[in-house]
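Okay, structure first, notes after.
What follows is calculated from the coordinates using simple rules that are stated; it is not laboratory data. Nothing here was measured: the structure is a model prediction, and the numbers come from that model. No Cβ is skipped: glycine too gets one built from the backbone with ideal geometry, and neighbour counts run over all protein chains shown.
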Amino acid sequence: MSSFLFLLRDSLQKILLLSPLPLLVILLTVIAPPGRSPVSADGTFGQQHSAQQSLPNGASGSWYQSAMNEIERSEYEIRWQPKVAAYQSPNRKQNLRFTYHSDGFTVTPRAGDQTWTQTLRLQDFGRKDARQPFKGSTPVATGNTAFVNTEALEIRYTNTTEGMRQDFMVKQRPDGTGPL
């Protein structure tokens, strides 16, 4: 039960403050039988238990499913982490952690004994004969998406169960000739 409460602390801080889910802690502690967590091996919640059998009085199965969906969705949000002074997001299904920078990102294993790290940074962009250095802004995050904006380029990061996607949006036609 203590591992469940540890996960609950990280996953529900924001939800309990912003959503009308005051019974969630009671609900989840009732659903988890002694010695078992409602978290499955792939990081999803509530799929090994029947919500209808253990719900508190007045709580519906649809409320329970909505609460579980919100918990799962919130686990992929990109949040400011003061300890590293950067935005980060875990990806439980892929077992990765992403740290977002003004010019790229770093990926590391989220859990386990692996110790590798990979950082990708955008140094410049444009056409071959007119490359310009990239100087990004501090990332701005909302939900599971973060943005780095400049006048000419936007980098968008989206963290989902499938992984973290990085998109580049060119806002202005670059100088020079030939392909980007």
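Shape descriptor for the range 74-180: Rg over Rh equals 1.03 (Cα atoms; Rh from the Kirkwood inverse mean 1/r).
Positive end of the dipole of the range 90-180 (Cβ unit charges, origin at the Cα centre): among Asn95, Leu120, Thr177, the Cα lying farthest that way belongs to Asn95.
Exposure proxy ranking for Glu154, Glu75, Glu162, based on other Cβ atoms within 10 angstrom of each Cβ and starting from the fewest, stands as Glu162, Glu154, Glu75.
Amide H contacts under 5 Å for His101: Thr106, restricted to partners 5 or more places along the chain or on a different chain, H placed in the peptide plane at 1.01 Å from N. Simple spin-label model, 7 Å along Cα-to-Cβ: Ala152 to Ala85 in nm? Going from the Ala152 label point to the Ala85 one covers 2.9 nm. Compute the normalised compactness of the range 69-123: alpha-carbon radius of gyration over 2.2 N^0.38 Å, N being the residue count. So the range 69-123 has a normalised radius of gyration of 1.18.
Protection proxy ranking of 165-178, 95-108, by the mean of other Cβ atoms within 10 Å over each peptide's residues and highest first, is 95-108, 165-178. If R0 is taken as 41 Å, the Cβ-Cβ distance between Ser66 and Arg110 corresponds to a FRET efficiency of 0.95.
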